[in-house]
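Engineer: Dropping a structure here in structure tokens format, bear with me for questions.
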Amino acid sequence: MMMAVLSLLRNITYLRYILSSAGALAVDMSVFMALFHLGLFPAAASALGYMAGIAAHWLLSSRAVFTDSVAARGRDRDRQKALFLGSALAGLAITTAIVGAGDLMGIDARLAKLVAIVISFQATYLMRKKVVFAE
């Protein structure tokens, strides 16, 4: 029974994406919180955290989520990495804008970051599923 459940979970791309995103988010938030507590401007801390998360997310997405559609080495893989980076930069723009706007409106940067996470997560998932790792 347990093996059947684990097998089913491995076949659900969105669930694997959520789990890999959680790992990348841990990297992102760790960097963000460290820089925030060191006094860095909240939008800059958010952007730097997000960039660290991008690297973690590529590793997790290409090795654990979209394994059936990741390109082999060479030009196709380079193209996929570039598209992944493009989707990440779109997510970065969303995240930075939301955290920056929240900060300007006097909203706690941590709360603004949580809102940004939800919106950026869904936007990047759709870009990656429909464009980056499209079969």
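Engineer: Points 7 angstrom from Cα along the Cβ direction at I107 and A44: gap in nanometres?
Structural biologist: Those two pseudo-labels are separated by 2.3 nm.
Engineer: Only one of the listed values, [x] 8.9; [y] 11.3; [z] 7.9, was derived from the coordinates as mean projected area of the Cα convex hull in nm²; which label is it?
Structural biologist: Here mean projected area of the Cα convex hull in nm² agrees with entry [x].
Engineer: Among all the lysines, which ones have a C-alpha under 25 Å from K81's C-alpha, if same-chain residues fewer than 8 places away are not counted?
Structural biologist: Correct list for K81: K129, K130.
Engineer: Hey, what angle do you get for helix 42-60 against the long axis of the chain, alpha-carbon based, 0 to 90 degrees rounded to 10?
Structural biologist: 10
Engineer: Three principal axis extents, largest first, for the C-alpha atoms of region 10-80, in Å?
Structural biologist: Principal extents (Cα only, largest first): 42, 28, 13 Å.
Engineer: Using the 10 angstrom Cβ neighbour count as an exposure proxy, how do V118, V31 rank, fewest first? All intermediate terms of the calculation are to be shown ahead of the outcome.
Structural biologist: Numbers: V118 10, V31 19.
Exposure proxy ranking, most exposed first: V118, V31.
Engineer: If you fit an axis through the alpha-carbon atoms of helix 13-37 and take the longest principal axis of the Cα set of the chain, what angle between them do you get, 0 to 90°, nearest 10?
Structural biologist: In the chain, helix 13-37 runs at an angle near 30 degrees to the longest axis.
Engineer: Taking 0.36 nm per intervening residue step and subtracting the Cα-Cα distance, what contour gain separates K130 from L89 on full extension?
Structural biologist: Details: separation 41, 0.36 × 41 = 14.76 nm, distance 1.63 nm.
Full extension from K130 to L89 adds 13.1 nm.
Engineer: In degrees from 0 to 90, rounded to the nearest 10, what is the angle of the helix 75-104 Cα long axis to the longest principal axis of the chain?
Structural biologist: 30
Bear in mind these aren't lab numbers, they're just calculated from the coordinates by the rules spelled out. Just so you know, these numbers come straight off a predicted model, no measurement behind them. No Cβ is skipped: glycine too gets one built from the backbone with ideal geometry, and neighbour counts run over all protein chains shown.
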